[in-house]
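See below for the structure under consideration.
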Amino acid sequence: MSPNYTFMFQFEKKFQHIYTKEWMRNYWHTSFYAVAIYMIVIFGGQAFMSNRPAFKLKRLLTVWNISLALFSIVGTLRTLPELMHVLRRFGFYHSVCHPSFIEDVKPSGFWTWMFALSKVPELGDTVFIVLRKQNLIFLHWYHHITVLLFTWFTYSEYTAPARWFVDMNYFVHSLMYSYYALRSLGFRMPKQMAMAITTSQIVQMIVGAYVIWYAYYRKSQGDACNITQATASFGLIMYLSYFALFAQFFYNAYFGSSKERKTLDSQQRGGAKRATGKVASKND
């Protein structure tokens with residue numbers, strides 16, 4: 001066990017990665033059913049809400065934001081120490097190519113499992129957008145769908161670079177949902193904070209693409225690295241598409257035409273920008 005963990009919760013001590021890996025290998029494909037239901041709900045919901053007044057859902061949204069913020073903060077605190085320890089003791093190559101974060105370290109293993117499972121309830125983000133009749137952009141639902149499918153599939157393979165995906169996403173979500181929580185509680189947040197969060201999301205995509213490329217490059221050189229060609233290809237396409245979409249959103253939101261910025265500003269007056277893994281639509 002990594003010496004960075006001075007204690008373990010009882011539920012972490014009981015974590016057995018063999019059982020969760022077997023479960024995910026047998027059932028990861030059910031994520032496609034979740035995606036199908038998600039698409040029906042959000043687009044059917046938009047049709048249902050088209051001639052109906054928007055719901056406010058202020059209190060429920062506040063509870064939702066606070067819950068996800070706390071979950072992400074705890075996830076960051078329980079996984080990041082393992083990554084820091086591995087980088088110091090074993091180097092970058094080990095951090096990208098060996099899945100010891102699941103197999104050998106129970107706290108990070110347990111919270112990696114929680115991370116994978118959390119991608120299903122996080123689909124609820126979109127329900128708030130639909131019920132509150134806010135703008136549902138392509139980046140939002142595309143991100144939700146691909147993250148869920150990629151996360152469940154890579155967990156079934158113990159894809160080693162996932163150590164970086166999990167840690168980065170937990171950290172960015174801890175900032176993002178805390179921002180949403182504060183907005184939903186009525187705090188006025190500076191524009192620079194939203195810009196900083198969006199920037200951190202763009203950086204996350206760049207690092208994600210790099211660690212996937214690096215992992216597959218080391219494997220192609222004959223080094224041991226737990227990643228398949230299919231996962232590397234899908235992961236690179238996914239992260240590079242995220243980068244393009246996030247960069248486009250960032251430009252339109254902060255440096256685009258006055259019309260684009262006016263539209264985004266008017267939306268923000270109705271609530272905080274929101275989308276899982278991004279500050280790209282409204283929910284406050």
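Data overview
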quantity: Residue among Arg59, Arg78 that alone is within 30 Å of Phe187 (Cα to Cα) and modelled with pLDDT under 95; calculated: Arg59
quantity: Within region 120-150, tally of residues that are farther than 25 Å from Arg59 by Cβ and outside any helix (DSSP H, G or I); calculated: 1
quantity: Residue tally, condition closer than 24 Å to Leu68 by Cβ, of a type in the set (Phe, Trp, Tyr), out of contact with any Leu (no Cβ under 7 Å at 6 or more places or on another chain) and in contact (Cβ under 8 Å) with a residue 24 or more places away in the chain, over region 172-226; calculated: 2
quantity: Boolean, Leu68 is of a type in the set (A, V, I, L, M) and either under 17 Å from Phe9 (Cβ atoms) or in contact with a strand residue (DSSP E or B) (Cβ under 9 Å, 6 or more places away or on another chain) (or both); calculated: no
quantity: Residue list for region 154-181, filter: under 22 Å from Ser95 (Cβ atoms), over 15 Å from the mean Cα position of the chain (by Cα) and in a helix (DSSP H, G or I); calculated: Ser156, Glu157
quantity: Hits in region 45-56 (condition: assigned to a helix (DSSP H, G or I) and either loosely packed, with under 12 Cβ neighbours inside 10 Å or at pLDDT below 95 (or both)); calculated: Ala47
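The values are calculated or read from the model by the stated rules, or taken from the named source; none is laboratory data. Everything numeric here is computed off the predicted structure, so don't read it as measured data. Quick reminder, even Gly has a Cβ in these numbers, built from the backbone with ideal geometry, and neighbours come from all protein chains shown.
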